[in-house]
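Where a number appears in this text, it was derived from the coordinates with a stated rule and is not lab data. Predicted model, so just to flag it, every value in this text is computed and none were measured. FYI the Cβ positions are ideal-geometry reconstructions off the backbone, even for glycines, and counts take in every protein chain you see.
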């Protein structure tokens, strides 16, 4: 058996996926592009106040990914907050399309495509060098003094 080190488990990303969501992939991608690369707590706040209807299912998936990361960290006797997580990956795949018909003039019928999406969000702990509490981090007042 291979030994699993705690260091490797510390960096493990957590993911969540919602499948068959009744939102078109193009509309969901607009929202996902908004949060990719953001801190998880900032992304949750942005999604909460976004006016698009697709922001609600994306919010739920991101909240689930954060909860999965917390659960995994708690299982390994660590503590992690939403501010310590980055949205590492976020993407929307196309799900199955339901085809319906609408009656039109002169006995014709037009096809209506009801599209679905598979939304996936992956969150991971921020790298150590980008955390604000690092030894090389200077506040704005410290930067002003060096001029």
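Along the Cα-to-C-beta direction of residue 53, a point sits 7 Å from the Cα; which residues of region 85-126 have their amide N less than 20 Å from that point? Of the residues in region 85-126, 92-103, 111-120 have backbone N under 20 Å from the label point off residue 53.
If R0 is taken as 30 Å, the Cβ-Cβ distance between residue 71 and residue 20 corresponds to a FRET efficiency of 0.80. Take every Cα pair under 8 Å in region 13-145 that's 6+ residues apart, average their separations, divide by the length, and report that relative contact order as a whole percent. Reported relative contact order: 36 percent.
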